[in-house]
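The values are calculated or read from the model by the stated rules, or taken from the named source; none is laboratory data. Computed from a predicted model, the values in this text were never measured in an experiment. Positions of Cβ are backbone-derived with ideal geometry, glycine not excepted, and every protein chain shown enters the neighbour counts. Remember, those area values only see protein heavy atoms, side chains included, never the ligands or the DNA or RNA. Shrake-Rupley method; radii C 1.70, N 1.55, O 1.52, S 1.80 Å.
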Amino acid sequence: MKKDHLFRLKQNGRTYWGYLFLFLLYFFSTSTGLAQSFCGTYQAVAPATNNLDSTVLDRFGNRFTLNKLEIPLTSQSSINNTNYFEVTSLGNPPVGVMDVVTEVLDYISATIIQQQGNTDCGVIPIQDVNLQLAWISFSSPDPVLVNALDIDLPLPTDGAGIGTPFYTGPEDNACDELVLERPYMKINGGLPIPNNIFDARILLNSDVNWNLLSSSTNFPGQIDLFSVVLHEMLHALGYASRVGLGEAFSIWDQNLRTTDAYIPGGGGSNIQDLLVTTNGQCDLNCWQINPAIGSVSSLANNSCNDPNPDVVFGDAAIAPIGGNAGSNSNLANQLSHLNSGCNGQSGSAFNYVMQTGIMPNEARRVITDSELQILCGLGYTINGTTSCQGCYVIPHYDQYYDSESPCCYAYRNVCLGETITILNEDLLCNDITNGASDLEVVRIWSSYNSVLILPNSNGTGWDITVSPTYPATALLVFYTVLRCDCKNG
């Protein structure tokens, strides 16, 4: 009997639930320091392909081919290791700059505890977060650096820094999925695919008159480098909206809410989700703006201006979202920042690292309690905190494991017209979650009408029958893994 179908098991990272697959193929400014400086954005050179399996996303709506983000093996770049970060620098940043970067990464590593991923297939090796850092003039950038970064000009001359995570995926062109930041996956015990590319990127404007002394409290006319690097790193870790960009949403977006009136210090009334699933159920990783919200752009522009509704983070309205970002005030960038002056709030507790801009002689070197609560809500483990309620799911591609291992074996074979049974435990065996309850496969389906999928007789898996008339030699099947009740925290 001829075996016409070779199934390849693929698991694609998703929060709360993920799409997992059976498939044959391998997948799976100028600033002088005299005025306010802002958190910038950039546009990238459009890739030659939009193939979902050979490109990655950033938080600005750009796509990059994998080869553009490969970690170099040559001596053209300087590589520094600090805690669970590995930094590859471009543009020859001064020693003092790299010293400050190291201080920031040490602070983050001491604040956010990296997790060890444990699965039914064994322990996942702890991964370094690979950070690309470029020291580049935003007014007259070196063409060599521009080419190496694969970006378009101009850069924002009122920007001090630019920071973004990279996202692997999405996998489905038919809807806007939820995708995971690569740094988020690695810090929480996961292993994104591929593993030889950068996980995040920071650009620092070499035109800026920087303060390089993180202990200094008086630096007139200078912008504090520690504060800016910390700010951009929090973007890389998940303070990153993708609303309005298409293709995919982020975990941050899934946590955005609206309230009739934000209460300074946390809280509000009539809390509504900014995002909802397209079918209103918790079995699809397809998301849309809540139809009850109306125009998100209008909402973001008028947030914290009474009597308009306010955008906040989380069901508990931990902190208000938005603010003027100078020349970079596009919707996604607005929604990636916190508003320190919303509805009259003031004081050191609201001196957020994640405000949109920073003034000369101003330092914001400590992540505030509200910002730590947000990191908890995203799913990170904060040192010294036992009350983090964030929940995550990180599914994995089976190809990470030895192909000869019986655990999460990657290949499935079936004859046309016959039925194959795949158990839920075989689909979930290499996924991880910090949730108290078990992961659950809640839906499995195929886009082909000639494929019949039903629960097996004892409810432990799925019977997949391929029609004798099925025209191809590989079958793509989706299944949804549920945990965290469709919400984070």
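Just one of the numbered conditions (1) within 20 Å of Val101 (Cβ to Cβ); (2) open to solvent by less than 10 Å² (accessible area, probe 1.4 Å); (3) of a type outside the set (Ser, Thr, Tyr) is not true of Trp210: (2).
So, Arg242, is that one among the basic types (Lys, Arg), farther than 25 Å from Pro156 by Cβ and out of contact with any Cys (no Cβ under 9 Å at 6 or more places or on another chain) or not? No; evaluated as a whole, the condition is false for this residue.
Across the range 324-336, the number of residues qualifying as surrounded by fewer than 23 Cβ atoms within 10 Å (Cβ to Cβ), part of a loop (DSSP other than H, G, I, E, B) and in contact with a strand residue (DSSP E or B) (Cβ under 8 Å, 6 or more places away or on another chain) comes to 2.
If you go through the range 239-251 and keep only what is assigned to a loop (DSSP other than H, G, I, E, B) and either over 20 Å from Thr164 (Cα atoms) or of a type outside the set (Asp, Glu) (or both), you end up with Tyr239, Ala240, Ser241, Arg242, Val243, Gly244, Leu245, Gly246, Ser250.
Applying the condition of being part of a loop (DSSP other than H, G, I, E, B) and in contact with a helix residue (DSSP H, G or I) (Cβ under 6 Å, 6 or more places away or on another chain) to the range 305-323 and asking which residue is nearest to Ile271 (Cα to Cα) yields Gly314. Restricting attention to the range 149-178 and to residues that are modelled with pLDDT of 90 or more and hydrophobic (A, V, I, L, M, F, W, C), the residue that is surrounded by the fewest Cβ atoms within 10 Å (Cβ to Cβ) turns out to be Leu153. Only one of the numbered conditions (1) polar (S, T, N, Q); (2) open to solvent by less than 60 Å² (accessible area, probe 1.4 Å); (3) at pLDDT below 80 is violated by Asn424, and that is (3).
Scan the range 213-227 residue by residue and report those that are closer than 13 Å to Glu103 by Cβ and open to solvent by less than 10 Å² (accessible area, probe 1.4 Å). I'd like the intermediate steps shown before the answer.
Here is the first cut: in the range 213-227, the ones closer than 13 Å to Glu103 by Cβ are 213-216, 224-227.
Those that are closer than 13 Å to Glu103 by Cβ and open to solvent by less than 10 Å² (accessible area, probe 1.4 Å): Asp224, Leu225, Ser227.
Flag set for Asn290, criterion: at pLDDT 95 or above and over 19 Å from Gln373 (Cα atoms). Of all residues in the range 438-461, those satisfying the criterion of being assigned to a strand (DSSP E or B) and either open to solvent by less than 80 Å² (accessible area, probe 1.4 Å) or out of contact with any Leu (no Cβ under 8 Å at 6 or more places or on another chain) (or both) are Val441, Val442, Arg443, Ile444, Trp445, Ser446, Val451, Leu452, Ile453, Leu454, Pro455, Gly461.
Among the residues of the range 359-371, which ones are more than 16 Å from Ala317 (Cβ to Cβ) and either in a helix (DSSP H, G or I) or of a type outside the set (D, E, K, R) (or both)? Quick ask: steps written out before the conclusion?
Step one: list which residues in the range 359-371 are more than 16 Å from Ala317 (Cβ to Cβ), which gives 359-367.
Met359, Pro360, Asn361, Ala363, Val366, Ile367, listed by residue number.
Is it the case, given these coordinates, that Ile136 is of a type outside the set (S, T, N, Q), at pLDDT 95 or above and crowded, with 16+ Cβ neighbours inside 10 Å? Criteria met by Ile136.
Matching residues to (1) in a helix (DSSP H, G or I); (2) out of contact with any Phe, Trp or Tyr (no Cβ under 7 Å at 6 or more places or on another chain); (3) at pLDDT 90 or above; (4) loosely packed, with under 15 Cβ neighbours inside 10 Å:
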{"position": "Asn67", "(1), (2), (3), (4)": "yes, yes, yes, yes"}
{"position": "Leu73", "(1), (2), (3), (4)": "no, yes, no, yes"}
{"position": "Gln76", "(1), (2), (3), (4)": "no, yes, no, yes"}
{"position": "Ile79", "(1), (2), (3), (4)": "no, yes, no, yes"}
{"position": "Glu86", "(1), (2), (3), (4)": "no, yes, yes, no"}
{"position": "Val97", "(1), (2), (3), (4)": "yes, no, yes, no"}
{"position": "Val100", "(1), (2), (3), (4)": "yes, no, yes, no"}
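Of the residues making up the range 269-282, just one is surrounded by 15 or more Cβ atoms within 10 Å (Cβ to Cβ) and at pLDDT below 90, namely Cys282. Scanning the range 37-65 for residues that are under 24 Å from Ser137 (Cα atoms), open to solvent by 10 Å² or more (accessible area, probe 1.4 Å) and touching a helix residue (DSSP H, G or I) at 6+ places or on another chain (Cβ under 6 Å) gives Phe38, Thr41. Of the residues making up the range 337-373, those that are surrounded by 18 or more Cβ atoms within 10 Å (Cβ to Cβ) and either touching a Gly at 6+ places or on another chain (Cβ under 9 Å) or of a type in the set (Phe, Trp, Tyr) (or both) number 14. Please go through the range 258-304 and give me each residue that is in a strand (DSSP E or B) and farther than 16 Å from Leu338 by Cβ, ordered by number. If the condition is that a residue be in a strand (DSSP E or B) and farther than 16 Å from Leu338 by Cβ, then Gln272, Asp273, Leu275, Val276, Thr277, Trp287, Gln288, Ile289 are the ones that fit.
So which residues in the range 374-387 are part of a loop (DSSP other than H, G, I, E, B) and surrounded by 19 or more Cβ atoms within 10 Å (Cβ to Cβ)? Scanning the range 374-387 gives Gly379, Tyr380.
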